[in-house]
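All remarks here apply to the structure that follows.
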Amino acid sequence: LTPMDELLKYYTEYGQEHVFQFLPQLTEGEKSFLAQDLKGIDLKRLQQTYKTVAETKITSKPILEPFPNICKVFGTEDDRDHWNDVGLHNIAEGKLAILLLAGGQGTRLGTVYPKGMYDVGLPSAKSLFQLQAERLIKVQQIAAEISGKKDVAIPWYIMTSESTKETTRDFFSKHGYFNIDPKNIYFFEQGMLPCITPGGKIIMETPFRVAKAPNGNGNMYQALHVSGALADMKKRGVEMVYQYSVDNILVKMADPVFAGFCFENKADCAAKVVPKSHPEESVGVVCMVDGKPGVIEYSEIDKETATSVDEYGSLRFNAGHVCMNMYSVEFLERILSQLDLLP
């Protein structure tokens with residue numbers, strides 16, 4: 001059998017042979033492109049994912065309970081100073097990396113380019129990327145001053161998507177990487193998934209190209225591994241990874257207090273939350289969903305639940321999830337064997 005025959009056989013086994021329906025009309029170059037496109041699709045995993053989604057029936061509202069043991073890192077001023085000091089010293093030792101999720105286009109912001117390039121309207125006209133880069137540099141300087149070390153560097157891992165990768169790289173290059181050494185910036189790409197019909201059939205964008213969409217931020221774990229980013233972290237001696245999303249204009253780069261708290265408590269993973277400004281604020285909430293830790297979107301919380309209070313008059317569902325998380329490198333390695341268990 002030829003390589004194309006092998007592919008046809010494989011796709012036929014999973015009921016996806018329709019992707020070859022235009023094969024007789026394709027040029028040799030288009031056939032080669034199609035074969036390469038199809039080789040990268042794991043049909044078994046795609047079928048399992050579709051089956052899981054198709055068989056999931058929402059019979060009732062999820063049972064929501066407040067998260068039982070959220071650590072409220074307010075503490076005293078001495079507590080915060082201590083965690084800040086622990087965080088900065090670990091940063092100086094090269095044990096912390098920053099992970100930026102930057103795969104989204106700025107369509108909701110009214111632009112056609114990556115969100116990180118967006119000019120938020122400051123007098124300086126600085127982009128989100130530039131604001132974040134300057135804060136990163138400042139944290140490096142503070143860590144160097146406190147520790148007495150020179151050349152403190154925080155590796156910056158930037159996850160792009162197929163639609164943002166080239167534009168993002170070009171933007172950084174054009175701006176001289178915002179005065180950060182390029183060897184400390186690691187671009188990698190999140191995965192793509194084939195688009196499928198409600199009946200589970202793969203959709204073709206063209207006669208020789210599969211329609212695909214970004215695999216979402218949840219693909220971060222696998223993308224870190226496949227791209228070599230996780231191996232690079234280990235090579236550098238990184239122990240903890242601070243993750244945030246590109247459209248967070250107020251982000252505390254590396255967040256030394258949060259980092260210090262996680263280092264001191266040897267946290268596997270941690271999600272930073274902020275109190276909601278009002279009961280029906282448009283922000284997801286960290287809580288127990290059907291007995292398991294999770295994040296429930298604001299659109300899935302009814303008014304009665306959103307406004308419910310405890311015996312002290314405080315909102316029961318008040319832990320706003322702002323996509324600022326911390327992961328140990330050991331956790332990121334361990335989770336690779338459990339990806340099929342993730343929702």
Of all residues making up region 134-170, the number that are more than 9 Å from Ala92 (Cα to Cα) and either in contact with a Cys (Cβ under 6 Å, 6 or more places away or on another chain) or open to solvent by less than 30 Å² (accessible area, probe 1.4 Å) (or both): 11
Hits in region 171-192 - residues which are open to solvent by less than 40 Å² (accessible area, probe 1.4 Å), touching a Pro at 6+ places or on another chain (Cβ under 9 Å) and either in a helix (DSSP H, G or I) or farther than 27 Å from Gly218 by Cβ (or both): Phe171, Phe172, Asn184
Members of region 1-45 found to be among the aliphatic types (A, V, I, L, M) and either surrounded by 11 or more Cβ atoms within 10 Å (Cβ to Cβ) or at pLDDT 95 or above (or both), listed by number: Met4, Leu7, Leu8, Val19, Leu23, Leu26, Leu34, Ala35, Leu38, Ile41, Leu43
Breaking point among (1) of a type outside the set (Val, Ile, Thr); (2) open to solvent by 60 Å² or more (accessible area, probe 1.4 Å); (3) without any contact (Cβ under 8 Å) to a residue 60 or more places away in the chain, for Lys126: (2)
Hey, Ala271 small (Gly, Ala, Ser), open to solvent by 30 Å² or more (accessible area, probe 1.4 Å) and either touching a residue at least 12 places away in the same chain (Cβ under 8 Å) or in contact with a strand residue (DSSP E or B) (Cβ under 7 Å, 6 or more places away or on another chain) (or both) or not: yes
Neighbours by Cβ (under 8 Å, 6+ apart or cross-chain): first from region 331-342, more than 18 Å from Met233 (Cβ to Cβ); second at pLDDT below 80: Leu342/Gly218
Residue pairs meeting the criteria (Cβ under 6 Å; at least 6 apart or on separate chains; first open to solvent by 30 Å² or more (accessible area, probe 1.4 Å), in region 253-268; second assigned to a loop (DSSP other than H, G, I, E, B)): Phe261/Val73
Members of region 211-250 that are β-branched (Val, Ile, Thr) and surrounded by fewer than 19 Cβ atoms within 10 Å (Cβ to Cβ): Val226, Ile249
Check on Gly313, small (Gly, Ala, Ser), open to solvent by less than 60 Å² (accessible area, probe 1.4 Å) and in contact with a Leu (Cβ under 8 Å, 6 or more places away or on another chain): no
Subset of region 147-163 that is farther than 23 Å from Asn84 by Cβ and not in a strand (DSSP E or B) - its residue that is modelled with the highest pLDDT: Ser161
Total residues in region 282-292, condition open to solvent by 90 Å² or more (accessible area, probe 1.4 Å) and either under 19 Å from Gly218 (Cα atoms) or touching a Lys or Arg at 6+ places or on another chain (Cβ under 9 Å) (or both): 1
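The values are calculated or read from the model by the stated rules, or taken from the named source; none is laboratory data. Keep in mind it's a predicted model, so treat the numbers as computed, not measured. Heads up, the Cβs are rebuilt from the backbone with ideal geometry, glycines too, and the neighbour counts pull from every protein chain shown. The accessibility values were calculated without ligands, DNA or RNA, using every heavy atom of the protein model including side chains. Shrake-Rupley method; radii C 1.70, N 1.55, O 1.52, S 1.80 Å.
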